[in-house]
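Worksheet for the structure shown next.
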Amino acid sequence: MNLTTNLRTAFAALAFLPGALTACSSDPAEGTTATNTPTSTATSTSTSAGATTDGGSSTTGGLSGCLATTADDGSLSLLVNPANNYAFDSTVTLTVQTVAPNTPLNFDWSGLTLDIQQQAINPAGGEVKTVLLALLGLTKEGFETKLNANAQLNNDSKAAMAFYPTTQTVANMYEFSAPGNATPLSPDYIDPYLDPAAFPPESHVYAVLIQDETEPAHGVRMVQAFQLDPNSLVTDVVIDNNSSSLVYHTDLTTVAPVQIPVDNANITADWKGMNDVANNALGDVWLKGSIEEVMIGRYDLTPQQLTEQFLGLENIAAEMYRAPVPQGSTLNLSALVEETTGAPFAGINATGTWILALNCTKCTNPAPWFLTILTPCQ
C-alpha cells in the first residue's frame, strides 16, 4: 500500500508536457501490468497542520465461513468479494501562494518535516528524489475539484519540468530540466510559462510536487499550489507542512472479515471476478491487470485503532508481508515475504489484527483497491 511513500492522494492522471502521465484507465490484457499513471485520492483527515480521522463508512456484512473451496492447484481459494472490502473516500485542500511573474522563482522545501499524510520526511537526508513543477489550465478550485473527483487532467496540463535533488532543499527554477532528464532547460524555454498574459492567473495554477520517487507523479509527499500575481514581489515558493491538507473517511470496524485456517499459507487470493465488473474501494472501476502487489500485515492494534492511524499503516505493522503480482489476477499467499526479516508468510494466527490488501503500486493513490481483515476460523 506504500502509504508513506506514495501519496497517490487525489492526483488523478496528471498528464503534463513534455512528459505524459495518464490515469489507470486503460484496459491492459490479463497477464499484463498497467504501465500508465493512475488515479490518486487523499487518505487522511486533517486540519492544515495535522491529520485526524473523520469517521466514514465501509462495506458491512456478516462474517464469512471458513475457507473450504480448493483451487485447481489444491490450494484453498480466497475469492475477493466486494462484500468484504472496506470503503474509502477523501478530500484534499490546497493552499495557494502568489508570486511575481516573469522572473525565475526559487523553491524551498527545507521546512517540510511532515508530508500530506502526516508522516515524517527528512528532505536534507535524501528522501526527496524529485521536485516536479506543473502548469495547469485550471483555477485553484477547479484543480481541487478534479483531484477530489478523480477526474482526468490530461486536457488541463500545459507544461512540466523537474529537479532531482540529492540532499539539496532549495533550487532555482533555472536548475530544472525536462522530466526524466538531467540537463537544465534553457531560460528561453522556461520564461514564456511565467507570463501572466499568456497564462492568466484567474484561469491557471501551478503545482509543485515533492516526491520520493523519480517517476513523475509517483511517490508524492506534498503539494504546493501557486499563482502569478502582477502585484507581487515574492520570488520564493515555500513548501512546508501546511502546503496542503487531507481528510479521509473510512471505518475498518465495519469491514466483514474473511475467515481462514491458522498457520496455512497455501491460499490463493483470486480477484478475477472483480475485473471490469466491480468497483474498487475508491469507487472506481476495477481494471484488469491493475493489481501489482498483495500485502498482509499483522498489527498489535484493534480495527478501531487502525482506523484512527490509517495513514501510518506502513509504519505500525508488527509484521508486513508483500509479494508482487507477476501476471494475472491470482496469487498464492505463500509467495509473500516479510519485508524486514525476509521470512516467508506462514499463515495467520490469533495474535493481533491481520489485514489483507491488494495494491495498485503504480497508481498515484496509495489507498488499497481491496482491504479486508483476516480472522482465524472458529
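FYI, it's all coordinate maths here, none of it is from the lab. All of these numbers come straight from a predicted model, not from anything done at the bench. Note that each Cβ is placed from the backbone with ideal geometry, even for glycine, and that neighbours are counted across all protein chains shown.
Can you compute the modelled spin-label distance between THR183 and THR69, with each label point 7 Å from Cα toward Cβ, in nm?
Label-label distance for THR183 and THR69, simple model: 5.8 nm.
Suppose each label sits 7 Å from its Cα in the direction of the beta carbon; what would the THR113-THR98 distance come out to in nanometres?
3.0 nm
Just order 217-230, 192-205, 277-290 by mean Cβ neighbour count inside 10 Å, highest at the front, would you?
Values: 217-230: 23.4, 192-205: 15.4, 277-290: 20.0.
Packing order, densest peptide first, comes out as 217-230, 277-290, 192-205.
Pick out, from GLN118, PRO184, ALA207, the residue whose Cα sits farthest towards the positive end of the charge dipole of segment 91-246, with +1 on the Cβ of Lys and Arg and -1 on the Cβ of Asp and Glu.
It is GLN118.
Segment 91-246: percent of C-alpha pairs farther apart than 23 Å? Numbers along the way, then the final one.
Working: 3777 of 12090 pairs.
Counting every Cα pair in segment 91-246, those more than 23 Å apart make up 31 percent.
Quick one: 3J(HN,Hα) in Hz for segment 269-284, Karplus 6.51/-1.76/1.60 with θ = phi - 60°, rounded, Gly and Pro as x.
Computed from phi, the couplings for segment 269-284 are 6, 9, 10, 4, x, 8, 4, 6, 10, 10, 9, 7, 5, 8, x, 9 Hz.
From the backbone phi of segment 200-207, what are the Karplus-calculated ³J(HN,Hα) couplings (6.51 cos²θ - 1.76 cosθ + 1.60, θ = phi - 60°) in whole Hz, Gly and Pro given as x?
x, x, 6, 9, 9, 9, 9, 10
Can you pull a Stokes-Einstein diffusion coefficient for segment 113-194 at 4 °C (1.567 mPa s), Rh from Kirkwood over Cα pairs, as a whole number of µm²/s? Mind dumping the intermediate values first?
On the way: Rh = 14.6 Å.
So the translational diffusion coefficient is about 89 µm²/s.
Between segment 156-218 and segment 97-121, what's the alpha-carbon centroid distance in Å?
Using only Cα atoms to place each centre, the spacing works out to 13 Å.
Can you compute 3J(HN,Hα) from phi for each residue in segment 109-122, using the Karplus curve 6.51 cos²θ - 1.76 cosθ + 1.60 with θ = phi - 60°, rounded to whole Hz and x for Gly and Pro?
10, 5, x, 7, 10, 10, 7, 5, 9, 6, 9, 5, 9, 10
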